Amino acid sequence: MKILVIGSGGREHALVWKLRQSPRVSQIYCLPGNGGICDEATCLPGDPKNIEGLLAAAHQVQPDISVVAAELPLTLGVVDEFTRRGLRTFGPTQAAAQLESSKGFAKEFMQRHQIPTAHYAVCTSEDELRKSLGLFSAPVVVKADGLAAGKGVVIAATKEEAATAATDMFSGKLLGTPVANVVLEEFLEGEEISFLVLSDGERVVPLVAAQDHKRIGDGDTGANTGGMGAYSTDALVDPGMVEWLLNHIARPVVAGMKSEGMVYRGILYCGLMMTAKGPMVL
């Protein structure tokens, strides 16, 4: 098989590294890849945001399947376009990718399908946000509703700080571009875990859990960076908890997607806080 992997990060590097070990794989291409990926695959020039360019690359190399894990091309609908042209693709459709691209959509989806998550409010204006702040006690988590490369989250110690962070998100001062919606979320205490599964749209298979080093200073101090590195070990989540997470989070998400006419085929990422009351999706 020939495989095309779309993306340029550590996630794509791990996928290329593992796919290369399969005896069924004869050639791996990666667009655009990076310096490390070039040791494992043939890197192709291009912009993963350019759907027409991705289609042209696929036409050139004729992969048996394309693997898309990078968020931006997924949210732009690359899987939909590839599928429309008869190209086999592993990745969620544009509609299903809203779980990653819209925090508001994800929270409302979890509420509809009884998936455990923190209390929240989706705010479309500063006035609505200030009213909603009255429903929360400090500290308050403030999230930009959109892709922010892991940097669209502020843990505000006070409501005043939360209001300022939200204002800066609405105006574009914080992230460089304005956001239409801001999500307020209940602050949860516990250990943060990244739980990932592979799904074919029907079934799920767990991967090993991982943990990020999120904040820039020792002792979880300083700004949230979106990840100062990560590690993975079987000791993070025991087998009993893995089964619980599959039954109460991963399988309900995939089933909920199907019931709403969406297909989540790909890597499903669940950011969890292991609280005293049990795991909650962030």
Dipole in debye (nearest 20) - the chain, about Cα centre, beta carbon charges: Lys, Arg +1; Asp, Glu -1: 680
Considering the chain as a Gaussian network with a 10 Å cut-off on Cα pairs, which listed residue, V197, V205, V182, attains the greatest mean-square fluctuation? V205
Rounded to one decimal in nm, the spacing of the 7 Å Cα→Cβ label points at E260 and T164 is 3.5
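Within a 10 angstrom radius of the beta carbon, how do Y269, Y29, Y264 rank from fewest other beta carbons to most?
Y269, Y29, Y264
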Can you give the extra length, in nm with one decimal, that the chain gains between H213 and F187 once fully stretched, where that is 0.36 nm per residue apart less the Cα-Cα distance? 7.6 nm
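What's the magnitude of the charge dipole for the stretch 191-281 around its Cα centre, counting Lys and Arg as +1 and Asp and Glu as -1 at the beta-carbon? Answer in Debye, nearest 20. Can you show the working numbers first?
Working: 7 positive and 11 negative charges, 60 e Å.
Once rounded to the nearest 20, the dipole reads 280 debye.
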If the elastic network links every pair of Cα atoms under 10 Å, which of P23, P139, P48 fluctuates the most in the Gaussian network model of the chain? P23
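Hey, with R₀ at 41 Å, roughly what FRET efficiency would A157 and S26 work out to, going by the Cβ-Cβ distance, to 0.05? Please report the intermediate quantities before stating the final value.
Details: r = 55 Å, r/R0 = 1.33.
It comes out at approximately 0.15.
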Show that you can apply the helix-only estimate: for the chain, add -39,500 (n - 2.57) for every DSSP H stretch of four or more residues, divide by all residues, and state [θ] at 222 nm to the nearest 500. -8000 deg cm²/dmol
Quick one: of the DSSP bridges fully inside the chain, what percent are antiparallel, nearest 5? 70
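How big is the dipole moment of the stretch 108-205 about its Cα centre under a simple scheme where the beta carbon of each Lys and Arg is +1, that of each Asp and Glu is -1, and everything else is neutral? Debye, nearest 20, please.
Values: 8 positive and 15 negative charges, 33 e Å.
Charge dipole of the stretch 108-205: 160 debye, to the nearest 20.
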Using 0.36 nm times the number of residues separating C38 and A223, minus their current alpha carbon distance, what extension gain do you get? 63.3 nm
Across the stretch 233-282, how large is the tail of the calculated P(r) beyond 12 Å, expressed as a percent of all Cα pairs? 70
Farthest positive-ward along the chain dipole, Cα basis, beta-carbon charges - from A70, V263, L174: V263
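Read-outs throughout are calculated quantities, based only on the coordinates presented, and are distinct from any laboratory measurement. Source: prediction; values computed, not measured. Here the Cβ is made from the backbone with ideal geometry for all residues, glycine too, and neighbour counts use every protein chain on show.
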